[in-house]
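Report on the structure given below.
The values are calculated or read from the model by the stated rules, or taken from the named source; none is laboratory data. In this text the structure is predicted, and so the values were computed from the model without any measurement. For neighbour counting, all protein chains shown are included, and Cβ atoms are generated from backbone atoms with ideal geometry for every residue, glycine included.
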Amino acid sequence: MQGYPYDTEEANEDRQRWTALIGGDRNALGALFDAYARQLLVYGYRICGDKTMARDAIQDVFVNLWLYRASLAPEVRVKFYLYKSLRRALLKQMAATRPTGTDEWENLAEAQPSPEAEWVVSETESQRSHRLLQSLSVLSDREREVISLKYFSDLKIREIAALLELREQTVSNTLQNALNKLRKHLVLGFLFCQVLFEKIF
Amino acid sequence: MSDYLTYEPEDFASDDFFIHWVKSTDIAAETFWQNWLETYPFKRPAVEAARQLALITQNLPEPHITEAELDALKESVFNEIDRAEPVRRPIWHYLPKWAAAACISALLLAAGWFITRENRQADASYPQLVARAAEKYDLIEVKNLTRAVRLVNLPDGSSVILKKGSMLSYPTAFDKASREVYLTGEAFFEIARNPEKPFFVHANQIITKVLGTSFNVHAYPHEQIRVSVKTGLVSVYKASGDDAKAAQSGHSLKGLLLSANQQAIYAGDRIVRASATQEAVSPVNEAVMTFEYEERPVGEIFAELEKAYGITVVYDTTVIGKCPVTASLTGEPLNEKLKLLCKAVRASYETVGGKIVVSGKGCE
């Protein structure tokens, strides 16, 4: 199931900007920034839990995109390229600030309140988020990341696998497990779902 | 397509075509899935469960990111590029030698003229104010180059309506003792009351200090600076004078005091009171920024807010649009206005994707 019209349209627009960028068009860089900065910032923050670090990494990604535009490959899926560059930049920064390596980092992350918890605290009145937080707490970090990449960032399983350096099958299974957990959890919250439906439609 | 028959809710929910259907209003997808459901009605519960899953996963809590943050980031990207980019080959490279000499001397002349001109303006231009403030605070800069008005929500809940061609810088978090912002151009301020933390607007050569009120500052470069007060009490003083130090510290108001409907102008190095008739100052503000209502349908009030703040308010016109409201909201920050209005019609509001979504069960 690939190649729906909605897909190719977005990709076409990206390809035009990409070609213009390689040709030295600053506006094309600006347009790419406008299209992707928000979701990249969300993703970056999700990885490192630090807004400043995420911001710095995104800045690096876009600055490098411009400085090394001459050596960019003309045929890439732009969105995936940006996610991949951001992830690489962040892991590099995180390794630099935490000399003990990535395993240690994962333990540290466990000890601190998750980024989600912080956002929800900052969203004072939102009952909805509270409910979602409860559902999310049944998911592992990896599952949360996959869910977010799939539904918030609209990446394909294939791309998520490449991004996280996992096998496609592993990503598929992770996604299925996560959805399964969410569904079980949400049977209880059926009423709440109805409220959500009303809000959306 | 027949493999959909074997799908469980989780399979549907992770299928790209299915997600596309749930998310969009694409006719082709809608037709396909409706037909499919008619053919295989026993799959309806699974599809419904999958729909809910796909919807729920799209509403995961995400960190709140403001337009201002993104603008600031974009600007720093381009600043960084300008710094790193090797300088382009200057134009006189292509000209004969004598022409180069002529060009350079002309440039020097021009530069000299600009420098002396800048010096005359003291050191209070917006870039300098911001550069100095940046040593003290982590600043966010918001520009409004194209829109008629642009709403800026400050960290303390105050609202600023930034007019076209204006820039505002403010700290990501205000410090304990005061709230300071930096303006070039024109803006209308509605300050959240907080007597403990006076609010300062630095605009070119003048500073406006308030404790909680609404007022307009007009300070485009090379135009006369004007401050007009809508509600409450403010003081205006020169950034360089003796008043500056005294006013900066205490909670009392020094300098030229202005109360509601009064204006001050900065003329010939002095701040003077201007009578309302003398100035054709922002009649737009005076008319638009008044929010007094008696038995008005809340829908009409929302429409006025949309216009004044350049925002979009989403609400059910049939359920709450007609609810009558009597309220005096002039001078309140936008968030405060919305809170009061929602209270009046027993509704609640949240900000979703830059829009204000009001939901309630109606007033009767």
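Among the strands (runs of 3 or more DSSP E) lying completely within segment B:246-314, list those that include at least 3 residues that are at pLDDT 80 or above and within 28 Å of residue B:147 (Cβ to Cβ).
Details: elements: B:256-259, B:263-267, B:270-274, B:292-297.
Fully inside segment B:246-314 and qualifying: B:263-267, B:292-297.
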Looking at segment A:40-53, which of its residues are touching a residue at least 12 places away in the same chain (Cβ under 8 Å) and either on the phi > 0 side of the Ramachandran plot or more than 9 Å from chain B (Cβ to nearest Cβ) (or both)? A:40, A:43, A:44, A:47, A:48, A:49, A:53
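Before we move on, is residue B:350 among the acidic types (Asp, Glu) and either closer than 23 Å to residue B:147 by Cβ or away from every other protein chain (no Cβ under 14 Å) (or both)?
Values: among the acidic types (Asp, Glu): yes; either closer than 23 Å to residue B:147 by Cβ or away from every other protein chain (no Cβ under 14 Å) (or both): no.
Judged against the criteria, residue B:350 is not a match.
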If residue A:56 satisfies every condition in (1) more than 19 Å from residue B:71 (Cα to Cα); (2) surrounded by fewer than 19 Cβ atoms within 10 Å (Cβ to Cβ); (3) not basic (Lys, Arg) but one, which is the exception? (1)
Is at least one residue of segment A:65-85 within 11 Å of chain B (Cβ to nearest Cβ) and within 20 Å of residue A:157 (Cβ to Cβ)? no
Subset of segment A:38-54 [of a type in the set (D, E, K, R) and either at pLDDT 90 or above or under 13 Å from the mean Cα position of the chain (by Cα) (or both)]: A:38, A:46
Considering only helices (runs of 4 or more DSSP H) wholly within segment B:1-81, the ones with at least 3 residues that are more than 30 Å from residue A:61 (Cβ to Cβ), in contact with a Cys (Cβ under 9 Å, 6 or more places away or on another chain) and more than 10 Å from every other protein chain (Cβ to nearest Cβ) are none
For segment A:25-39, enumerate the residues that are facing chain B (nearest Cβ under 8 Å) and surrounded by fewer than 19 Cβ atoms within 10 Å (Cβ to Cβ). A:26, A:30, A:34, A:38
